[in-house]
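Taken together, the values in this text are just the output of simple stated rules run on the coordinates, not laboratory data. Bear in mind the structure is a predicted one, so any value in this text is a computation, not a measurement. All Cβ positions, even for glycine, are placed from backbone atoms using ideal geometry, and neighbour counts span all protein chains on display.
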Amino acid sequence: MSASSTSIINTSVFILTGFPGLDQYYRWFSIPFSSIYAVVFLGNCLVLHVIQTERSSHEPMFYFLAMLAFTDLCIGLSTVHTVLGVLWGLSQEIGLDACISQTYFVHGLSGTESGVLLAMAFDRFIAICNPLRYTSILTNNRVIHVMVAILMRSALSILPVIICLKFFHYCRPHILSHSFCLHQDLLRLACSDIRFNSFYALALVICTLLLDAVLILISYVFILHTVLAIASWEERLKSLQTCVSHICAVLVFYIAIIGLTMVHHFGKHLSPSVHVLMGNIYILFPPLMNPIIYSVKTQQIRSRMKKWFSPKMK
């Protein structure tokens, strides 16, 4: 083993990679990535501002939407410095503590987003299946309790594997396969016993992401059953239209996760750049699309956007 490889192994610094073999194009890649991050920050900040200032949006559905936008904003903030740092040629190094912290936020915020989408599905279920009791069921106090429960679940459930990462012995070359830190990427470099992390991570995915997806599906089965019982076709369509934006957000989130999982497990023969691309889609696609979806499909947000960006009437 070369001296340079030995120096990498013996330090607590990890090397982030962008798109392997495409280093000469990083300056060009930085343009769309910078634009995507700009849209993520601007779009989610606009959604938060509209919900704060628009009185008609002070209701449970928009409180959950605000939490979704804030989560997407935090996801962008947790990765922007390393992704653009690599593409702009500023730095490809990250310390162990910083890497573990980034891993915690990336995976923790993904769990938070899944929980928020489940809460929004419950909101739509109550609004359509039991509209007369909507305000009595989803009171402000209950909405706050749900939000706190989502945050606590995400923040605490992932802590055991994150703590273990700190005490692992990383004897393999400290070269990560993405421009940000992921749990499975760090496990690949560890020479310690990683069985607990592997089994716990799998159980966590099943008990959070998969369970949330099943509960969201069940809620929409009940919603569809209720909607089909409505005699008027216009009323059916009106009820379903209130769910379109949430359904799109759910599809965006789970398509990104399924895509990354499929590539990770069945795409061993694919180029490393494909794995890196899917990792970035997993991180950036939901935060990019959610404000666009809700700006197009939500009347309160759409009307406020039109007031801001339409030419002033004389």
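Please get the size of the charge dipole for the chain, origin at its Cα centre, with Cβ charges of +1 on Lys and Arg and -1 on Asp and Glu, quoted in debye to the nearest 20. Walk me through the numbers on the way to the answer.
On the way: 20 positive and 13 negative charges, 161 e Å.
Once rounded to the nearest 20, the dipole reads 780 debye.
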When the Karplus curve 6.51 cos²θ - 1.76 cosθ + 1.60 is applied with θ = phi - 60°, which whole-Hz ³J(HN,Hα) does each residue of segment 219-225 get, with x for Gly and Pro?
4, 6, 5, 5, 4, 5, 4
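Under the rule of -39500 (n - 2.57) per DSSP H run of 4 or more residues, summed and divided by the residues of the chain, what mean residue ellipticity at 222 nm is obtained, to the nearest 500 deg cm²/dmol?
Details: 13 runs with 235 residues, N = 314.
One gets -25500 deg cm²/dmol as the mean residue ellipticity at 222 nm.
So, counting K/R as plus one and D/E as minus one, what does the shell of residues with Cβ under 14 Å around I283 add up to?
Numbers: positive: none; negative: D72, E113, D185.
The answer is -3.
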Most fluctuating residue of Q24, Q300, Q102 in a GNM of the chain with Cα springs under 10 Å: which is it?
Q24
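Using Cα-Cα distances under 8 Å and only pairs 6 or more residues apart, what relative contact order does segment 27-84 have, in percent? Let's see the in-between values first.
On the way: 28 pairs, mean separation 26.8, N = 58.
Relative contact order comes out at 46 percent.
At R0 = 30 Å, how high is the FRET efficiency between K166 and S34 if r is their beta carbon distance? Nearest 0.05 is fine.
Working: r = 32 Å, r/R0 = 1.07.
That pair, K166 with S34, gives E of 0.40.
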For E93, which sequence-distant residues (separation of 5 or more, or a different chain) have an amide H within less than 5 Å of its own amide H, given hydrogens modelled in the peptide plane?
L16
Using R₀ = 45 Å, calculate the FRET efficiency as 1/(1 + (r/R₀)^6) where r is the Cβ-Cβ separation of L277 and A229; round to 0.05.
0.50
Just to check I understand the Karplus step: with θ = phi - 60° and J = 6.51 cos²θ - 1.76 cosθ + 1.60, what whole-Hz values come out for segment 275-287, glycine and proline as x?
5, 5, 4, 5, x, 6, 5, 4, 7, 9, 5, x, x
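If Lys and Arg each add +1 and Asp and Glu each add -1, what is the summed charge of the other residues whose beta carbon sits under 15 Å from the beta carbon of I206?
Working: positive: R153; negative: D212.
With Lys, Arg at +1 and Asp, Glu at -1, the neighbours total 0.
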For the chain the translational diffusion coefficient, Stokes-Einstein from a Kirkwood Rh over Cα pairs at 20 °C and viscosity 1.002 mPa s, in µm²/s, is roughly 101
With springs only between Cα atoms under 10 Å, which of H178, H225, H275 fluctuates most in a Gaussian network model of the chain?
H225
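Can you give me the relative contact order of segment 3-299 as a percent, contacts being Cα pairs under 8 Å and 6 or more apart? The partial results should precede the final answer.
Values: 319 pairs, mean separation 84.3, N = 297.
Across segment 3-299, relative contact order equals 28 percent.
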Could you work out how much longer the chain between R236 and H265 gets when fully extended? Use 0.36 nm per residue separation minus the Cα distance between them, nm to one decimal.
6.3 nm
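Between S136 and E54, take the C-beta separation as r, use R0 = 22 Å, and let me know the FRET efficiency to the nearest 0.05.
Working: r = 24 Å, r/R0 = 1.07.
For R0 = 22 Å, the calculated efficiency reads 0.40.
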If amide hydrogens are placed 1.01 Å from N in the peptide plane, which non-local residues have theirs closer than 5 Å to the one on H178?
T17
When Y294, Y200 are ordered from fewest to most other Cβ atoms inside 10 Å of their Cβ, what list results?
Y200, Y294
So what's the angle, to the nearest 10 degrees on a 0 to 90 scale, between helix 195-205 and the longest Cα principal axis of the chain?
20
Going by C-beta contacts inside 10 Å, put V143, V274 in order with the fewest on the left.
V274, V143
Rounded to the nearest Å, what's the spacing between the alpha carbon centres of segment 33-50 and segment 221-251? Just the number, please.
29
Just want the ordering: K297, K238, K268, from fewest to most Cβ atoms lying within 10 Å of their own Cβ.
K268, K238, K297
For the chain, which cysteines have no disulfide-compatible partner, meaning no other cysteine Cβ under 4.7 Å?
C45, C74, C129, C164, C207, C243, C248
